[in-house]
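The values are calculated or read from the model by the stated rules, or taken from the named source; none is laboratory data. Fair warning: this is a prediction, and the values are worked out from it, not measured in the lab. Counting neighbours? That spans all protein chains shown, and the Cβs are built from the backbone with ideal geometry, glycine included.
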Amino acid sequence: MFIEPGFKGEKRGWIEVICGSMFSGKTEELIRRLKRVKIANQQVEIFKPMIDTRYDEKKIVSHDTNFIHSTPVAHSSKILELVNNVDVVGIDEAQFFDEGIVKVCEELAFKGTRVIVAGLDMDFQGKPFGQMPNLLAIADYITKLHAICMKCGSIAYVSHRIVANEEQVLLGEKDAYEPRCRICVGH
């Protein structure tokens with residue numbers, strides 16, 4: 001844990017947000033950071049929303065099938081109940097959490113915990129998704145990752161839905177979404 005010089009030895013927490021479209025490597029980056037934390041023998045707890053059952057009910061799994069064990073929770077407040085004396089908290093698919101996720105992350109950071117959050121910053125229509133805009137606003141560090149447009153090879157900006165469904169939340173993978181750039185979204 002980072003200890004700022006002259007801060008009387010207290011742990012300082014912070015919030016890191018990893019965002020971007022689907023297939024940009026957000027979960028892969030989250031897993032990479034959390035594995036490094038474990039190698040450093042820091043105490044870590046990892047959470048995901050209970051709604052995310054695409055690859056596994058308990059593991060956070062990237063599209064490349066890398067994984068790390070996590071605890072699925074139905075509500076963000078459960079994270080505070082389950083976290084006990086940890087250095088780092090990892091949270092995947094933050095866009096699916098309720099509005100309390102912002103306060104949860106802030107409370108953890110104020111207690112000296114490093115919080116690493118990953119999620120979609122925009123939905124399939126290019127609109128801000130869930131609580132991600134609020135998490136981005138309070139983040140100390142932001143990493144925006146980009147996928148490659150499946151039509152032209154340019155940098156994608158959105159997870160374009162390729163099935164007929166107008167619901168904001170539709171769990172799916174390559175069967176329902178593909179990354180697209182601004183130009184190719186309209187084509």
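Go through the range 71-111 residue by residue and tally those that are farther than 25 Å from LYS127 by Cα, in contact with a Lys or Arg (Cβ under 9 Å, 6 or more places away or on another chain) and among the acidic types (Asp, Glu).
Residues that pass the stated criteria total 1.
Select from the range 98-130 the residues that are modelled with pLDDT of 95 or more and touching a His at 6+ places or on another chain (Cβ under 8 Å) and write down the one among them that is farthest from ASP175 (Cα to Cα).
So, considering only residues that are modelled with pLDDT of 95 or more and touching a His at 6+ places or on another chain (Cβ under 8 Å), the one farthest from ASP175 (Cα to Cα) is GLY100.
Picking from CYS152, CYS105, CYS184, which residue would you name as being in contact (Cβ under 8 Å) with a residue 40 or more places away in the chain and either out of contact with any Asp or Glu (no Cβ under 9 Å at 6 or more places or on another chain) or of a type in the set (Lys, Arg) (or both)?
Going through CYS152, CYS105, CYS184 in turn, just one is in contact (Cβ under 8 Å) with a residue 40 or more places away in the chain and either out of contact with any Asp or Glu (no Cβ under 9 Å at 6 or more places or on another chain) or of a type in the set (Lys, Arg) (or both): CYS105.
Within the range 1-29, which residues are modelled with pLDDT under 95, hydrophobic (A, V, I, L, M, F, W, C) and crowded, with 19+ Cβ neighbours inside 10 Å?
Once the filter is applied, which keeps residues that are modelled with pLDDT under 95, hydrophobic (A, V, I, L, M, F, W, C) and crowded, with 19+ Cβ neighbours inside 10 Å, the range 1-29 yields MET22, PHE23.
Examine the range 109-123 for a residue that is touching a residue at least 40 places away in the same chain (Cβ under 8 Å), within 18 Å of ILE18 (Cβ to Cβ), out of contact with any Cys (no Cβ under 8 Å at 6 or more places or on another chain) and surrounded by fewer than 18 Cβ atoms within 10 Å (Cβ to Cβ), and state whether such a residue exists.
No, because not a single residue in the range 109-123 is touching a residue at least 40 places away in the same chain (Cβ under 8 Å), within 18 Å of ILE18 (Cβ to Cβ), out of contact with any Cys (no Cβ under 8 Å at 6 or more places or on another chain) and surrounded by fewer than 18 Cβ atoms within 10 Å (Cβ to Cβ).
Would you be able to say whether some residue in the range 97-117 is within 20 Å of SER70 (Cα to Cα), of a type outside the set (Val, Ile, Thr) and part of a strand (DSSP E or B)?
yes
Please specify each residue of the range 127-165 satisfying the condition of being part of a helix (DSSP H, G or I), surrounded by 13 or more Cβ atoms within 10 Å (Cβ to Cβ) and aliphatic (A, V, I, L, M). Spell out how you get there, then give the answer.
We begin by selecting, within the range 127-165, every residue part of a helix (DSSP H, G or I); these are 132-138.
Filter once more, so that each one left must be surrounded by 13 or more Cβ atoms within 10 Å (Cβ to Cβ): 132-136, 138.
Scanning the range 127-165 gives MET132, LEU135, LEU136, ILE138.
Taking HIS75 as meeting all but one of (1) in contact with a helix residue (DSSP H, G or I) (Cβ under 8 Å, 6 or more places away or on another chain); (2) modelled with pLDDT of 90 or more, write down the number of the exception.
Only one criterion in (1) in contact with a helix residue (DSSP H, G or I) (Cβ under 8 Å, 6 or more places away or on another chain); (2) modelled with pLDDT of 90 or more is unmet by HIS75, namely (1).
Here are the criteria: (1) surrounded by 15 or more Cβ atoms within 10 Å (Cβ to Cβ); (2) modelled with pLDDT under 95; (3) not in a strand (DSSP E or B). Tell me which single one LYS48 does not satisfy.
LYS48 satisfies all of (1) surrounded by 15 or more Cβ atoms within 10 Å (Cβ to Cβ); (2) modelled with pLDDT under 95; (3) not in a strand (DSSP E or B) except (3).
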